[in-house]
Amino acid sequence: MLLATTVLAGAAAVGQAVDLARPDPKQGQPGAAIAQGVADRDRVLARRSRAMDLREQSIKAAERRLAAAQATPDVAELPTAGREPADASIPASTPPIDELARIYQSMKPAKAAAIMGALDLETRTLVARKMRNRTMGGIMTYMEPQAAARLSMRLAGRTTNSLDEASPTTSAPPRPPVRQRPLD
């Protein structure tokens, strides 16, 4: 009898294990929907976690770049090859001058030349030193010849006094009007 009870108990245990392995027919669609929702939520959370890890890595990389940039000397602090500003009170690299240089570089050369011609020589020189040579050359072709010559002398590190003395302070005398022949 004991043997028969043990066999029946073992058969019952196997039957319960099989029943647990099969999906519950009573669970139906609502239970499956809940299970699907939980699985979807887990996937979304895993995706967010990966995105946060990537952001953290990019922030750490940016911090390393910033620390490396602060460790290297600033370009504005490096000596320029004979291109010191004439007025020592104005630093060679000031943010407004850098911004002006970028603005003038983005303009058409004729328009930039008209505006730069109205600037004082010192400001014009500081802006020209921050611009690319090719762009500044295009602007200088549209400038008044005397203004372009003064700027060139200042960029070369020479004073413009000799240029002022060599050229008359007034413009050239006006040309006589052209006479037209009467039409026959």
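Surface analysis of region 112-162 yields an accessible area of 54 Å² per residue, using protein heavy atoms and a 1.4 Å probe.
Relative to the present Cα-Cα distance, how much length would full extension add between GLN36 and TYR142 at 0.36 nm per residue of separation?
Full extension of this stretch gives 31.0 nm more.
Rg/Rh, computed from the Cα trace of region 109-152 with Rh as the Kirkwood radius, has the value 0.89.
At what distance in nm do the modelled label points of ALA46 and GLN70 sit from each other, each positioned 7 Å from its Cα along Cα→Cβ? It works out to 3.9 nm between the two label points.
The values are calculated or read from the model by the stated rules, or taken from the named source; none is laboratory data. If you're wondering where the values come from, they're calculated on a predicted model, not measured in any experiment. Here the Cβ is made from the backbone with ideal geometry for all residues, glycine too, and neighbour counts use every protein chain on show. For the accessible areas, the whole protein counts, side chains as well, though only heavy atoms, and no ligand, DNA or RNA atoms are used. Shrake-Rupley method; radii C 1.70, N 1.55, O 1.52, S 1.80 Å.
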